[in-house]
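Shown next, in C-alpha cells, is the structure this report addresses.
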Amino acid sequence: EDSSYVEADGTADIYRIVPMPHTISPEAQKYLTKPVPHPGPGASVADNRASTDAMQAHDSALTRARYPVNIEKSTIAGVPVLIVTPVDPIPANKADRVLICLHGGGFTTDSGSLTEAIPIANLAQTKVVSVLYRLAPEYPFPAAVDDSIAVYKAFLRTYKSQHIGIYGASAGGILTAEVAAKI
C-alpha cells in the first residue's frame with residue numbers, strides 16, 4: 001500500500017506500490033517478483049559491495065548460460081577490465097570494432113560489468129570490454145572518467161575512433177556522457 005511519513009530526524013520515507021507491467025514477458029514478470037537481497041539503508045560501502053558482488057556473480061552466471069561468451073580478465077592502460085567475446089569467432093566485418101561497457105552501480109559498486117556486457121557480446125557478435133573503473137568513495141570524481149578515458153585512448157592505437165562504441169546503464173550511462181564530453 002502506498003504510504004509516506006517523516007521520521008523525527010526529518011528523513012522522509014515514501015513507499016509506492018508499482019503495478020507489474022502487463023507489457024513484459026511472463027519470464028520478466030516472474031523475475032521482478034523476486035525480492036532483491038540488499039543490506040538496506042545505512043549499510044557500509046563494504047556491505048553494499050559484497051551484496052552487489054554476490055548479485056553480479058549469480059545474475060551473470062544465469063546470463064552467460066543463456067548467452068554463451070568467453071570472459072578474460074586483463075588490464076588496459078593500467079585499468080582492470082573484463083574482455084567479453086562471443087564463443088563463435090567474431091565475424092570479419094566486426095573484427096576491427098570494440099564496445100566499451102561502463103557499468104552501473106552508483107559509482108560505488110560494480111552492478112553490471114558482466115550482466116551488461118554478456119548479452120551484448122553474444123547477440124552483437126562483437127568484442128565488449130567492461131572497464132572496472134576505480135570506485136568512490138575511495139576514488140572520487142573524476143577517477144572513473146579518467147580510467148575510462150585511459151582505456152579509450154589505448155584503443156585508439158588499435159581501432160579507428162568510429163569503430164569504438166561506448167555504452168553504460170545507470171551510473172554507467174552518466175559516465176558514458178561524461179566520457180563523451182571529455183573526448
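The values are calculated or read from the model by the stated rules, or taken from the named source; none is laboratory data. Worth saying up front: this structure is predicted, and the values here are computed from it rather than measured. When we count neighbours, we look across all protein chains shown, and the Cβ atoms used for this are built from the backbone with ideal geometry, even at glycine. Just so you know, the surface numbers come from the protein's heavy atoms only, side chains and all, with ligands and any DNA or RNA stripped out. Shrake-Rupley method; radii C 1.70, N 1.55, O 1.52, S 1.80 Å.
Observations
- Test: Val128 is touching a strand residue (DSSP E or B) at 6+ places or on another chain (Cβ under 7 Å) and more than 12 Å from Gly168 (Cβ to Cβ): no
- Neighbours by Cβ (under 7 Å, 6+ apart or cross-chain): first from segment 86-99, farther than 15 Å from Phe155 by Cβ; second open to solvent by 60 Å² or more (accessible area, probe 1.4 Å) and not in a loop (DSSP other than H, G, I, E, B): Val87/Asn70
- Residues that are aromatic (Phe, Trp, Tyr) and closer than 15 Å to His103 by Cβ within segment 153-183 comprise just one, Tyr167.
- Among the residues making up segment 143-164, a single one is in contact (Cβ under 8 Å) with a residue 60 or more places away in the chain, open to solvent by 20 Å² or more (accessible area, probe 1.4 Å) and under 19 Å from Gly104 (Cα atoms): Ala150.
A quick yes/no check of all residues on (1) within 24 Å of the chain's Cα centre (by Cα); (2) open to solvent by 70 Å² or more (accessible area, probe 1.4 Å):
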{"site": "Ala8", "(1), (2)": "no, yes"}
{"site": "Thr11", "(1), (2)": "no, no"}
{"site": "Ile14", "(1), (2)": "no, yes"}
{"site": "Gln29", "(1), (2)": "yes, no"}
{"site": "Lys34", "(1), (2)": "yes, yes"}
{"site": "His38", "(1), (2)": "yes, yes"}
{"site": "Ser44", "(1), (2)": "yes, no"}
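- Here the strands (runs of 3 or more DSSP E) wholly within segment 13-123 that include at least 1 residues being touching a Cys at 6+ places or on another chain (Cβ under 9 Å) and under 28 Å from Glu138 (Cβ atoms) are 79-86.
- Check on Ser111, of a type in the set (S, T, N, Q), closer than 20 Å to Ile71 by Cα and at pLDDT 95 or above: no
Condition check ((1) open to solvent by less than 50 Å² (accessible area, probe 1.4 Å); (2) small (Gly, Ala, Ser)) across all residues:
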{"position": "Asn48", "(1), (2)": "yes, no"}
{"position": "Ala57", "(1), (2)": "no, yes"}
{"position": "Val69", "(1), (2)": "yes, no"}
{"position": "Gly78", "(1), (2)": "no, yes"}
{"position": "Ile90", "(1), (2)": "no, no"}
{"position": "Val98", "(1), (2)": "yes, no"}
{"position": "Ala124", "(1), (2)": "yes, yes"}
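- Selection status of Val18, touching a strand residue (DSSP E or B) at 6+ places or on another chain (Cβ under 8 Å) and without any contact (Cβ under 8 Å) to a residue 12 or more places away in the chain: no
- Condition met for Pro86 (surrounded by 12 or more Cβ atoms within 10 Å (Cβ to Cβ) and over 28 Å from Ser44 (Cα atoms)): yes
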